[in-house]
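Reading through the structure tokens given below for one structure.
The values are calculated or read from the model by the stated rules, or taken from the named source; none is laboratory data. Predicted model only: the values in this text are computed from it and were never measured. Counting neighbours? That spans all protein chains shown, and the Cβs are built from the backbone with ideal geometry, glycine included. For the accessible areas, the whole protein counts, side chains as well, though only heavy atoms, and no ligand, DNA or RNA atoms are used. Shrake-Rupley method; radii C 1.70, N 1.55, O 1.52, S 1.80 Å.
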Amino acid sequence: MTYPNASPDFDPQLAALLPALEGYVPLKMTLEQLEHFRGLSRVTREDLIGDAKVHCVDVSIPGYQGAGITVSVISRQDHSAPGPAVYFIHGGGMVMGTRFAGAKPLVDWALRHDAVCVTVEYRLAPEHPAPTLVEDCYAGLVWMAANAGRLKFDPNQLVIFGGSGGGGLAAGTTLLARDRQGPRLLGQLLQCPMLDDRNETESAHRYDGAGVWDRTSNLTAWRAVLGDRCGGPEVSAYSAPGRATDLRGLPPTFIDVAAGETFRDEAIAYARGILAAGGECELHVWGGAFHGFYDIAPRSDVARACIATRDAWLGRMFARGAAGRGAMPVSGD
């Protein structure tokens, strides 16, 4: 099949940023360029917290096969009463980034909702291929759930959140929690999620070479995660949730994605699968946007609309949990 080239249909406020981003975003990324982009994607605690009146405490916990990993707990300085909570999995295509990358919403939600937020430093591919990444993320979720009392949050109000590669890992972690009868989640919030290693959708081909993350970068990342299994029949849905054939029993879900990005069609397909299985899913496809636009250009009109819509959904989920209509009490494995 012949696919048309990417159309120059990005919102003018976003399109104007692309020339200056050249070389700083992982477009057409190869494995040889990974260390360069890892350096650019590092976010420190100071970058994230600044002078916000929150605590950020590191805890070492056992990850997959007992290896030590770190989680950071972010909470308002005056936090005392149990309330909502968010478990966050950072983006970066599962090959770069730190637990503080893309975590600015956690600071905002801690201040606005008095939410307890945990972000996990899962190990990255290719040094740690599947299933290490999703298993580390699941271990962090189990730890958070088991420590609800210590961390002072209401287990009925625990939402999982991830964007890009972290969105795919959040979806995989949610599938693991369902299938292992592990932590019960109030909701899952997936932004521009990286879900399917096969890279054969219309949007993957159409936007190859456009925006800030394309089919070439995606293939590089997935091959780092899955090795020779990438694109083949022996790929677990926990590592690539777009492979899942049973999407029953998932918590209420929010998915959004840019109209002009590689992940558009796989995100839409995942939302349709949840709805077809009888689940609850709110889907937004943001016209004129490229991947990660809400982080790259948060003051653009389309990003403001996206962030407001996302935050409104989260507020509704927290209210539902507080009213006792959300997740059941949390348990570990």
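Quick notes
- Answer residue from region 126-157, given it is assigned to a helix (DSSP H, G or I) and among the polar types (S, T, N, Q) and is surrounded by the most Cβ atoms within 10 Å (Cβ to Cβ) among those: Gln157
- Sole residue being at pLDDT 95 or above and touching a Pro at 6+ places or on another chain (Cβ under 9 Å), chosen from Gly68, Gly97, Gly83: Gly68
- Pair list, Cβ < 9 Å and 6+ apart or interchain, from region 110-134 residues that are in contact (Cβ under 8 Å) with a residue 60 or more places away in the chain to residues that are β-branched (Val, Ile, Thr) and open to solvent by 10 Å² or more (accessible area, probe 1.4 Å): Arg123/Thr132; Ala125/Thr132; Ala130/Val235
- Only one of Arg198, Arg99, Arg123 that is buried (at least 24 other Cβ atoms within 10 Å of the Cβ), basic (Lys, Arg) and in a loop (DSSP other than H, G, I, E, B): Arg99
- Subset tally (residues that are over 24 Å from the mean Cα position of the chain (by Cα) and assigned to a strand (DSSP E or B)) for region 66-85: 0
- In region 28-57, residue nearest to Ser80 (Cα to Cα) [restricted to those that are out of contact with any Asp or Glu (no Cβ under 9 Å at 6 or more places or on another chain), surrounded by 13 or more Cβ atoms within 10 Å (Cβ to Cβ) and in contact (Cβ under 8 Å) with a residue 60 or more places away in the chain]: Val43
- Subset of region 243-252 (residues that are free of Cβ contacts under 8 Å to residues at least 60 places away in the same chain and not acidic (Asp, Glu)): Arg243, Thr245, Leu247, Arg248
- Those residues of region 221-237 which are crowded, with 22+ Cβ neighbours inside 10 Å and of a type in the set (Val, Ile, Thr), in sequence order: Val225
- Scanning region 161-185 for residues that are open to solvent by less than 10 Å² (accessible area, probe 1.4 Å) and small (Gly, Ala, Ser) yields Gly162, Gly165, Gly166, Gly167, Gly168, Ala170, Ala171, Gly172, Ala177, Gly182.
- Here Gly209 does not qualify as at positive phi and free of Cβ contacts under 8 Å to residues at least 40 places away in the same chain.
- Of the residues in region 141-162, at least one is out of contact with any Leu (no Cβ under 9 Å at 6 or more places or on another chain) and among the small types (Gly, Ala, Ser).
- Inter-residue pairs, beta-carbon under 7 Å, first touching a residue at least 12 places away in the same chain (Cβ under 8 Å) and under 16 Å from Trp109 (Cβ atoms) and in region 69-96, second of a type in the set (S, T, N, Q) and open to solvent by 20 Å² or more (accessible area, probe 1.4 Å), 6+ apart: His90/Thr98
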